[in-house]
1. Checking residue B:17 against (1) within 14 Å of chain A (Cβ to nearest Cβ); (2) surrounded by 23 or more Cβ atoms within 10 Å (Cβ to Cβ); (3) farther than 21 Å from residue B:217 by Cβ: exactly one of these is not met. Which one?
2. Among the residues of region A:125-147 satisfying the criterion of being modelled with pLDDT under 95 and under 28 Å from residue A:54 (Cβ atoms), which is surrounded by the most Cβ atoms within 10 Å (Cβ to Cβ)?
3. Please state which one of A:24, A:4 is over 26 Å from residue B:272 (Cα atoms), surrounded by fewer than 17 Cβ atoms within 10 Å (Cβ to Cβ) and modelled with pLDDT under 95.
4. I'm checking my understanding of the structure. Among residues of region A:86-114 that are under 18 Å from residue A:36 (Cβ atoms) and touching a residue at least 40 places away in the same chain (Cβ under 8 Å), which one is nearest to the other protein chains (Cβ to nearest Cβ)?
5. Being away from chain A (no Cβ under 12 Å) and either assigned to a loop (DSSP other than H, G, I, E, B) or free of Cβ contacts under 8 Å to residues at least 40 places away in the same chain (or both): is that true of residue B:204 here?
6. Every residue in region A:231-245 that is within 11 Å of another protein chain (Cβ to nearest Cβ), over 14 Å from residue B:222 (Cβ atoms) and in a strand (DSSP E or B), please.
7. Of all residues in region A:207-225 being touching a helix residue (DSSP H, G or I) at 6+ places or on another chain (Cβ under 9 Å) and within 12 Å of another protein chain (Cβ to nearest Cβ), which is farthest from residue A:124 (Cα to Cα)?
8. Would you please name the residue that is surrounded by the most Cβ atoms within 10 Å (Cβ to Cβ), looking only at residues in region A:52-85 that are away from chain B (no Cβ under 14 Å) and under 22 Å from residue A:147 (Cα atoms)?
């Protein structure tokens, strides 16, 4: 992983996000080795790229509020096509239909809601966990042989790796870590969409080891405006993720992304397939 | 509200769910007075009806795992058309594109994931709140002039109505109540989809009164198989809902639906628009 100075346009995340307009509501992209998972792209990168198509669309209104991405089939290394179509545009909100296709086959579907944010009464009810600062913690490292982990700087707070004895069940599925892009990159909505999927499947922690598993559907709610994201600069954010139930081949996973100053930037939920 | 004996086909929920096939991937329905909100249908009923179109589709595979519904525009009293189209069908999972239109205009979009459930290792990590039984609690009643509240029997545990003094902020946004259809109806996936939206907007509780607000997008994960739902019969389920953050016109709301015996039947998340 190069640590050399770079401009945003050269950042691996921006290269992975690159889309070429290809007619009405159509964009062409290509999978990225820097965000490769075991047998396909890192799901967070796929979610970010679908969102990016709406962000780059000439009819875009406002900023992302919600994003749902459904992983319908495998994505192979190579080129892909995204359809990002406004289903409905209102005065201050806009609804998007999203679809990623490879060789004419739908691999990923999704929807997004954009809106013009305005100042209102507000209240933060959830409280950021009390954790040590990022710069006091060692790098987390990956425990799985996946490339995309190297595109992030993660500092483990707890639950970094499965730690229960083999054959036993970990009492909780809570993982917390500090996170930023590697190399550092000033975040935008696409970065946040990817961050929300940066937690390894909760069942690895719960069952203390590798279990075949994959996200089926992820929904992210964006709670920060663009200026708040830009002000984060190259600081780490705190990610926290936990499951509620594992049953009949599926478990849920809810995550929060906090700024170092305690602002809840995003909350995200997913349902994950697992085997056995 | 009639308490007379009824067959399932006469139940107001089934009448509201009724869809007439109208060609490939198309169904015709009609809004229901029994599930009317203030200026449109109860959002939970709309979500249930979109799901029902996939449930009734001749190409359906398996049972619902995830449902996302985006409320893009108002629905008027009267007929509507639903498109429920399989985006991709795999060996044991199926992805759906959902759309509700009125007079040719898209009012609601969504997606669903269905799957064939199979027995696996499982674990319930979240624990049901310790609350008094439903039959020891009085009916909740509505505090807003909406019809659909009368189609449910709700027994308040806490947070039933805004209770903070006007002008003050309630310390939390947690509401818990026991819930069943009224008249009683053996639940199915459509019923659960509706239940997950049965919580009034968290901002009413937080700000101790009515604030213009409406769900923008809701995502529900179904954690129970069809047999588990059928076994509930006419018993109440426990619903719990809470927000994490209210900011710039939007807040989130996460809900859990528990069986009386402590099984997490569904978890659901939504992002809600509010004014001021």
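1. (1)
2. Among those residues, the one meeting the criterion is A:147.
3. On the way: A:24 fails: modelled with pLDDT under 95.
Among A:24, A:4, only A:4 is over 26 Å from residue B:272 (Cα atoms), surrounded by fewer than 17 Cβ atoms within 10 Å (Cβ to Cβ) and modelled with pLDDT under 95.
4. Result: A:108.
5. Numbers: away from chain A (no Cβ under 12 Å): yes; either assigned to a loop (DSSP other than H, G, I, E, B) or free of Cβ contacts under 8 Å to residues at least 40 places away in the same chain (or both): no.
In short, no.
6. Residues of region A:231-245 within 11 Å of another protein chain (Cβ to nearest Cβ): A:242-245.
Then keep just the ones that are over 14 Å from residue B:222 (Cβ atoms); that gives A:242-243.
A:242, the sole residue that qualifies.
7. A:211
8. A:52
The values are calculated or read from the model by the stated rules, or taken from the named source; none is laboratory data. Remember, it's a predicted structure, so these values are computed and weren't measured experimentally. FYI the Cβ positions are ideal-geometry reconstructions off the backbone, even for glycines, and counts take in every protein chain you see.
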